Amino acid sequence: MTNCSYICIVCISVCVFLLSAEPEISVSGPVGSTAVLPCELTSVDTHTLYIRWNTESEIVFERLDQRSYHGEGYEGRVDVPVEELRKGNCSLVLHNLTPTDTGVYTSYQTVRHTKRSGRVRRGTVLINSVKLSVYVPPLKETDVGISAAPTVPRLKETDRSISSAPT
């Protein structure tokens, strides 16, 4: 086996391992709350600010400068504010959490590479993955207005006689 083949096999193995590894960052929150999935850019391209957040099955949010796309079911609930993105903060803010929001979220950035020939190429780079867990908080007695021992009103003798009174 040549050195080049060996290097290719090692690189592919490392990539597969990195893609299949569990995310190191975990965030959790109760249903109805807001979660911030952390993300930080190592370099900020001020000419084109592009960020994308995905789950395993769908695009959750995309921002290209001032324009944004919200995935189905995430409309009005997700954002990466432009002013934060310009500072390198690409954290996804997810409002009104639902149990179906539980999952692994992955962020990507499009970067520009300038070749020696002067041509500019774009590529998508994985930034990080975040595991989000949404839970239903346990009910408290004060949350639903019940007491531990509910009382049932008792009928008085006079109450029973009302229904049997002659008409």
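The values are calculated or read from the model by the stated rules, or taken from the named source; none is laboratory data. Note that the coordinates shown come from a computational prediction; the quantities given were computed from them, not determined experimentally. Note that each Cβ is placed from the backbone with ideal geometry, even for glycine, and that neighbours are counted across all protein chains shown.
Could you grab me the full set of residues in the range 50-99 that are in contact (Cβ under 8 Å) with a residue 40 or more places away in the chain, assigned to a loop (DSSP other than H, G, I, E, B) and loosely packed, with under 15 Cβ neighbours inside 10 Å? The answer is GLU56, LYS87, GLY88, HIS95, ASN96, THR98. Any residue at all in the range 8-23 that's of a type in the set (Val, Ile, Thr), at pLDDT 75 or above, over 19 Å from the mean Cα position of the chain (by Cα) and loosely packed, with under 12 Cβ neighbours inside 10 Å? No, the conditions are met nowhere in the range 8-23.
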